[in-house]
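Structure first, then comments.
Every number in this text was worked out from the coordinates using simple rules, so none of it is lab data. These figures come from a predicted structure and were not determined experimentally. Please note: Cβ atoms are built from the backbone with ideal geometry, for glycine as well, and neighbour counts cover all protein chains shown.
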Amino acid sequence: MEKHLKEMICEVGKRIYENGLVAANDGNITVRIDKNVVLTTPTGVSKGYMTPEMILKVDLEGNLLEKSEYKPSSELKMHLRVYKLRPDVNAVVHAHPPYATVFSFSDVDINKPILTESTVLLGKIGIAPYATPSTEEVPNSIEDFLISKEGDAVLLSNHGALTFAHDLMAAYFRMESLEFHAKLLFISLQLGTPKTIKEDKLKELYQIRNNLFGM
Ligand SMILES: [Zn+2]
């Protein structure tokens with residue numbers, strides 16, 4: 001099981017890299033395998049070229065549980081905050097998806113309900129205030145959104161995005177879905193004002209989301 005999850009983390013790393021959702025050594029992926037045990041990607045390594053031996057095991061405080069020549073990312077803190085505040089979450093993906101990240105420093109609100117699929121999958125997209133990388137500011141910046149339980153994707157201002165779910169593939173697909181939504185919204189804004197889903201129909205989508213994911 002653990003071996004399989006390490007392989008899956010490498011596979012998702014390859015996908016976020018090859019799909020242009022990160023550049024160079026950016027991004028990180030974690031999976032919770034026990035209440036207080038998390039597998040995490042290492043720092044300083046391209047997520048497109050990882051092997052299962054590089055994946056680290058830590059507790060919810062970030063302490064290494066197995067010796068390794070690799071080190072966890074300083075961004076691990078934000079993943080651990082998600083696990084602490086969202087007991088339903090077992091996987092977190094952090095990437096720098098270009099279109100979604102543009103909305104993190106734009107005046108245009110990314111929360112325009114233009115697509116049924118991403119509305120159901122993501123819920124409300126959170127927008128965390130600017131935070132200095134590697135500091136406690138980063139996990140603190142997403143805390144309000146996590147507690148609100150309004151959605152499963154959050155933009156980190158001038159930085160990137162974070163998506164989470166009950167399992168790794170679902171968390172990865174939410175990252176894809178977030179970027180797809182941002183890309184279509186960006187394109188539609190070139191044509192004029194997008195027609196959004198009407199309020200009463202939006203409520204129906206949130207009801208479907210509630211039925212599927214219990215929120
Ligand atoms: Zn980052």
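Among the residues of segment 173-215, the one identified as touching a Lys or Arg at 6+ places or on another chain (Cβ under 7 Å) and buried (at least 17 other Cβ atoms within 10 Å of the Cβ) is Leu185. Of all residues in segment 16-25, exactly one satisfies the criterion of being part of a helix (DSSP H, G or I) and surrounded by fewer than 15 Cβ atoms within 10 Å (Cβ to Cβ), namely Glu18. Screening the candidates Tyr83, Tyr49 for the property of being in contact with a Lys or Arg (Cβ under 9 Å, 6 or more places away or on another chain), touching a residue at least 40 places away in the same chain (Cβ under 8 Å) and aromatic (Phe, Trp, Tyr) yields one hit, Tyr83. The single residue among Ala91, Ala100 that is away from the ligand (no atom under 15 Å from the Cβ), touching a helix residue (DSSP H, G or I) at 6+ places or on another chain (Cβ under 9 Å) and hydrophobic (A, V, I, L, M, F, W, C) turns out to be Ala91.
Considering segment 26-51, and only residues there that are assigned to a loop (DSSP other than H, G, I, E, B) and within 16 Å of the chain's Cα centre (by Cα), the residue that is surrounded by the most Cβ atoms within 10 Å (Cβ to Cβ) turns out to be Thr41.
Quick grid of which residues meet (1) surrounded by fewer than 16 Cβ atoms within 10 Å (Cβ to Cβ); (2) within 15 Å of the ligand (Cβ to nearest atom); (3) in contact (Cβ under 8 Å) with a residue 60 or more places away in the chain:
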| site | (1), (2), (3) |
| --- | --- |
| Thr119 | no, no, yes |
| Gly126 | no, no, no |
| Pro133 | yes, yes, no |
| Val154 | no, yes, no |
